[in-house]
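The values are calculated or read from the model by the stated rules, or taken from the named source; none is laboratory data. From a predicted model like this one, the values you see are computed outputs, not experimental measurements. Cβ: placed from backbone, ideal geometry, glycine included. Neighbour counts: every protein chain shown. Each accessible area value is taken on the protein alone, full model and side chains, heavy atoms only, with ligands, DNA and RNA left out. Shrake-Rupley method; radii C 1.70, N 1.55, O 1.52, S 1.80 Å.
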Amino acid sequence: QMKPITTQSAPSPVGPYNQAVAVGEWLFCSGQIALDPSNGSIVGQGDIEKETSQVLKNLVAVLKAGGAQPSQVIKTTIYLIDLRDFERVNAIYGAVFGKGVSPARACVQVAALPKGGLIEIDCIAWLG
């Protein structure tokens with residue numbers, strides 16, 4: 001049975017999707033960009049480190065709303081506008097997901113992201 005997950009601590013979806021969906025012992029979190037949940041504007045104004053921090057803050061809020069912690073994430077995908085930002089993103093990402101067993105991960109460069117963001121991250125967590 002699918003259960004939608006929502007929290008006001010992360011940005012509201014900008015389309016016909018949920019912040020996350022729980023299915024059995026799995027939590028599938030939609031991609032988060034660097035939106036401030038209180039006003040819907042991009043945080044960081046083009047600063048990849050500030051955007052990455054906000055993206056991870058939003059993603060952790062969705063995980064918590066779904067009953068998970070970062071340590072339960074088994075797979076992430078990072079979407080970057082510019083792969084030259086990889087090292088700076090990796091340092092911030094590692095502070096959230098670098099403890100214990102780090103999740104499997106893919107990182108790809110994309111042509112564009114919603115609202116002009118520089119980074120988006122989604123994930124899958126195991127609730128068991």
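Need one number for the stretch 72-128: average projected area of the convex hull over its C-alpha atoms, nm². Mind dumping the intermediate values first?
Values: hull surface 16.9 nm².
With every direction weighted equally, the projected area is 4.2 nm².
Give me the lysines in straight-line cross-link reach of K3: C-alpha distance below 18 Å, same-chain residues under 8 apart excluded.
Those lysines meeting the cut-off are K64.
At V110 and Q69, where each label point lies 7 Å from the Cα along Cα→Cβ, what is the point-to-point distance in nanometres?
With each label placed 7 Å out from Cα toward Cβ, I get 2.9 nm.
Could you give the C-alpha radius of gyration of the stretch 10-52 expressed as a fraction of 2.2 N^0.38 Å, taking N as the number of residues it contains?
On the way: Rg = 12.5 Å, N = 43, 2.2 N^0.38 = 9.2 Å.
Against the compact-globule rule of thumb, the ratio is 1.36.
Which loop trypsin sites (Lys or Arg not before Pro) in the stretch 21-128, with loop taken from DSSP, have no more than 14 other Cβ atoms within 10 angstrom of their Cβ? Don't jump to the answer; show the numbers that get you there.
Values: sites: K50, K57, K64, K75, R84, R88, K99, R105, K115; in loops: K99.
Qualifying residues, ordered by number: K99.
Contour minus end-to-end for M2 and R84, with contour as 0.36 nm per residue of separation and end-to-end as the Cα-Cα distance? Numbers along the way, then the final one.
Values: separation 82, 0.36 × 82 = 29.52 nm, distance 3.78 nm.
My answer for the length gained is 25.7 nm.
I need the P(r) histogram for the chain: all alpha carbon pairs, bin width 5 Å from 0 out to the longest distance, whole percents.
2, 12, 23, 25, 20, 13, 4, 1, 0
Rounded to the nearest percent, how much of the accessible area of the stretch 21-125 (1.4 Å probe, protein heavy atoms only) is carbon and sulfur?
Details: 2770 of 5050 Å².
Exposed carbon and sulfur together represent 55 percent of the surface.
Ignoring ligands, DNA and RNA, what accessible area per residue does the chain give at 1.4 Å, in Å²?
On the way: 6790 Å² over 128 residues.
I get 53 Å² per residue for the chain.
Can you pull the one-decimal nm distance between simple spin-label points at N39 and S102, each 7 Å off the Cα toward Cβ?
Using points 7 Å along Cα→Cβ, the separation is 3.5 nm.
Reachable lysines from K115, Cα under 16 Å, same-chain residues fewer than 8 places away excluded?
Hits, sequence-local ones excluded: K50.
Once Rh for the stretch 46-94 is found with the Kirkwood sum over Cα pairs, what is the Stokes-Einstein diffusion coefficient at 25 °C and 0.890 mPa s, in µm²/s?
Working: Rh = 11.7 Å.
D, rounded to a whole number, is 210 µm²/s.
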